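These notes concern the structure reproduced below.
Values quoted throughout were computed directly from the atomic coordinates according to the rules given, and no laboratory measurement underlies them. Here the structure is a predicted model, which is why all the values come from computation and not from measurement. Virtual Cβ from ideal backbone geometry, glycine too; neighbours counted across all protein chains shown.
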Amino acid sequence: MNPICKLCTNEATLIKAHIIPRSFWEIDASQPPPRMVTNTQGVFPKKIPIGVYDQTLLCEPCERCFNDCDGYAAQLFLKRFNEFEEVHGSNRRLTGYVLGNVHYRLLKLFAIALLWRASVSSHSFFSNVRLGPFEEKAREMLVRGDPGDAATFGTLFSVWDGAESLIMDPFAER
C-alpha cells in the first residue's frame, strides 16, 4: 500500500517535493548557497544548497502541477526584479517596490501553493505554518487552479535588502 498524496488524495509513490520551489535555490552557481536562518533559540544558521524538501507530500504528477506558477514567480522575483519600481515615502525613504502588469492568477496560485505546502509539510523548518481549517480550502483552490479574490488568502511579498542570500523560517507577526 502506497502513502497518500496530500494534493490529489490518491495512493501514490511520493517524491522529494520542495516546499519553496527548487528554482529559488538555483539562483547563481557562482554565489554561496542560501543560508537557512531561524529565530528559534539554539538553532543556528546552516547552508542548504538544495533547499528544503519533504518526501511526505506529493506524487510526481501533483508536483508538476505547480510548475507554471512556481516558474512564473521565480522568473518574476529572480530575473525581472530590476523592472520593479521603487516607491518612496514623504521622507524620501524607500518604502517598497511595485510592478504593474503581473499575471494575477499565476502569482496568487504560487502564494497559495507555497503556503499550503508549508502547512502540510512535516519538515521542522515550517513547523510554525498551520492553516488549520483553511488547509482544505487552499488544497481545493489549487486542485481547481482557482486563485480566488484578493481577500481570500490575501498576499503581500516583501524584500530584504542585503548582499547575503537568506531564507528565514516562517513565523507569525503582527
Give me the extension gain from W160 to N101: residue separation times 0.36 nm, minus the current Cα-Cα distance, reported in nm with one decimal.
19.0 nm
Spelling it out for S121: with amide H atoms placed in the peptide plane at 1.01 Å from N, the residues 5 or more places away or on another chain with amide H under 5 Å from its amide H are none
Between K137 and L94, how many nm apart are label points set 7 Å from Cα along the C-beta direction?
3.5
Among 125-133, 150-158, 12-20, how do they line up by average Cβ neighbours within 10 Å per residue, starting with the highest?
12-20, 125-133, 150-158
Need the full-extension length gain, N67 to S124, defined as separation in residues times 0.36 nm minus the C-alpha distance. One decimal, nm.
18.1 nm
